[in-house]
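This report concerns only the one structure given below.
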Amino acid sequence: MNCSVTLTFHKRDRRLLCHYCGYAEKVPSVCPKCSSEHIYFMGWDRSEWRRICHSLSAARIARLDRDTVTGKRQYETILHDFREGNYDI
């Protein structure tokens with residue numbers, strides 16, 4: 001690990017990623033602390049949150065994170081559209 005930020009599991013790539021410094025590694029086949037082969041990931045991923053938001057209403061949802069926004073301009077556009085009322089969530 002390159003910094004003290006917790007690594008985030010990315011299911012699509014089967015890798016662990018630091019969203020701060022960009023460090024990435026493959027998911028280990030065994031736990032580095034206890035050597036168990038039973039590794040589970042806790043929490044909900046973004047697709048689950050999106051599904052839940054859509055099931056509550058016909059909300060217009062904007063996603064703003066490092067996986068979807070590639071540059072400052074895209075970031076500013078999404079925030080502007082949110083301020084203008086083009087998104088609900």
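The values are calculated or read from the model by the stated rules, or taken from the named source; none is laboratory data. Being a predicted model, the structure only gives us computed values, none of them experimental. FYI the Cβ positions are ideal-geometry reconstructions off the backbone, even for glycines, and counts take in every protein chain you see. Please note that ligands, DNA and RNA were not included when accessible areas were found on the heavy atoms of the full protein model with its side chains. Shrake-Rupley method; radii C 1.70, N 1.55, O 1.52, S 1.80 Å.
Over the chain, what percent of the accessible surface lies on carbon and sulfur atoms, probe 1.4 Å? Please report the intermediate quantities before stating the final value.
Numbers: 3920 of 7400 Å².
Carbon and sulfur atoms account for 53 percent of the accessible area of the chain.
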Segment 1-50: GluC sites (Glu not before Pro) in DSSP loop, at most 15 other beta carbons within 10 Å
Glu37
Between the Cα axis of helix 46-56 and the main Cα principal axis of the chain, the angle (0 to 90°, nearest 10) is 40 degrees
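Obtain the radius of gyration and the Kirkwood radius of the chain from its C-alpha atoms and give Rg over Rh.
Details: Rg = 16.7 Å, Rh = 15.7 Å.
Rg divided by Rh gives 1.07.
Mind checking the dipole of the chain: about its Cα centre, +1 per Lys or Arg Cβ, -1 per Asp or Glu Cβ, Debye to the nearest 20? The partial results should precede the final answer.
Values: 15 positive and 11 negative charges, 30 e Å.
The dipole of the chain has a size of about 140 debye.
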For Leu79 and Ser29 in the same chain, what is the full-extension length gain: residue separation times 0.36 nm, less their Cα-Cα distance, in nm?
14.0 nm
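List the longest stretch of the chain that has no exposed loop site; here a site is one of the trypsin sites (Lys or Arg not before Pro) assigned by DSSP to anything other than H, G, I, E or B, with at most 15 other Cβ within 10 Å. Spell out each step's value before the answer.
Numbers: sites that count: Lys11, Arg12, Arg14, Lys33, Arg60, Arg63, Arg66.
With a cap of 15 other Cβ atoms within 10 Å, the longest stretch comes to 34-59.
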Set of aspartates and glutamates near Lys26 by C-alpha distance (under 16 Å), chain-local residues within fewer than 8 positions excluded
Asp13, Glu37
Label-point gap, in nm, between Arg60 and Val5 - each point 7 angstrom along Cα→Cβ
3.1 nm
Debye, to nearest 20: dipole size of segment 42-86, +1 on Lys, Arg Cβ, -1 on Asp, Glu Cβ:
40 debye
Cross-link partners of Lys72 among lysines (Cα-Cα below 16 Å; sequence separation of 8 or more within a chain):
none
Per the charge dipole of the chain (beta-carbon charges, Lys/Arg positive, Asp/Glu negative, Cα centre), the residue among Thr70, Trp44, Val30 reaching farthest to the positive end is Val30
